[in-house]
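Asker: This is the structure I want to talk about, given as C-alpha cells.
The values are calculated or read from the model by the stated rules, or taken from the named source; none is laboratory data. Computed from a predicted structure; not experimentally measured. Neighbour counts run over all protein chains shown; Cβ positions are idealised from the backbone, glycine included. For the accessible areas, the whole protein counts, side chains as well, though only heavy atoms, and no ligand, DNA or RNA atoms are used. Shrake-Rupley method; radii C 1.70, N 1.55, O 1.52, S 1.80 Å.
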Amino acid sequence: MQIIENEQLVYFDCDDTLVMWFTNCDPSEKIDINNPHYGYNMALKPHKRHIELLKDHKARKYTVIVWSAAGYQWAEAVVKALKLEEYVDFCQSKPLKFVDDLPAQEILGSRIYLEDR
C-alpha cells in the first residue's frame, strides 16, 4: 500500500484541461504528444492558465495528481510532453466510481476551470 502523507491534494484532468483538443489557434501554439495507445503524435494546444495553476499549487506544497479518462499512460504522455515531470507527483486513470456516504460535490472540494484564452 502507498500512503500520500500530504493533506493538500489537487487533481488535474488532461483533455480540455491541460491540453485543448478542438481549438482554432495558430498551429505554432500546438505541441506534439505521442499517443501511447495508437503510437502516433497528436498536435494539441497547451492550456497555459491551467499549467500555471498546476505549477502554482506545487509551489504551495500540494501533492499534484494528473488523471485522464484515457488512462494513466495518456496522463503520463501529456505530463512529459508539457515538461511537467518536476511538478507532478502522480499520474493515474480518472476514477470511474467512488464509494462514500457523501455525494461527490460534498467531498471533492471546489471545481476550478479557467477559460483558455
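Asker: Keeping to the stretch 78-117, report how many residues are among the polar types (S, T, N, Q) and open to solvent by 70 Å² or more (accessible area, probe 1.4 Å). Explain how you work it out, then say what you get.
Answerer: At the first step, the residues of the stretch 78-117 found to be among the polar types (S, T, N, Q) are 92-93, 105, 110.
Still in the running and open to solvent by 70 Å² or more (accessible area, probe 1.4 Å): 105, 110.
Qualifying residue count, the stretch 78-117: 2.
Asker: Before we move on, is Ala75 assigned to a loop (DSSP other than H, G, I, E, B), at pLDDT 95 or above and touching a Cys at 6+ places or on another chain (Cβ under 8 Å)? Outline the logic, then answer.
Answerer: Numbers: assigned to a loop (DSSP other than H, G, I, E, B): no; at pLDDT 95 or above: yes; touching a Cys at 6+ places or on another chain (Cβ under 8 Å): yes.
No, not satisfied.
Asker: Follow-up question, since we're still on this one. Just name the residue that is surrounded by the fewest Cβ atoms within 10 Å (Cβ to Cβ) out of those in the stretch 11-37 that are among the hydrophobic types (A, V, I, L, M, F, W, C) and not in a strand (DSSP E or B).
Answerer: So the residue we want is Phe22.
Asker: Looking at (1) outside any loop (DSSP other than H, G, I, E, B); (2) in contact with a strand residue (DSSP E or B) (Cβ under 9 Å, 6 or more places away or on another chain); (3) without any contact (Cβ under 8 Å) to a residue 40 or more places away in the chain, which is the only condition Glu5 fails?
Answerer: (1)
Asker: Among the residues of the stretch 38-72, write down those that are part of a helix (DSSP H, G or I), open to solvent by 50 Å² or more (accessible area, probe 1.4 Å) and either in contact with a helix residue (DSSP H, G or I) (Cβ under 6 Å, 6 or more places away or on another chain) or of a type outside the set (D, E, K, R) (or both). Explain how you work it out, then say what you get.
Answerer: If we filter the stretch 38-72 for residues that are part of a helix (DSSP H, G or I), which is where we start, we get 48-59, 72.
Those left that are additionally open to solvent by 50 Å² or more (accessible area, probe 1.4 Å): 48-49, 52, 55-56, 58-59, 72.
Of everything in the stretch 38-72, those that are part of a helix (DSSP H, G or I), open to solvent by 50 Å² or more (accessible area, probe 1.4 Å) and either in contact with a helix residue (DSSP H, G or I) (Cβ under 6 Å, 6 or more places away or on another chain) or of a type outside the set (D, E, K, R) (or both) turn out to be Ala59, Tyr72.
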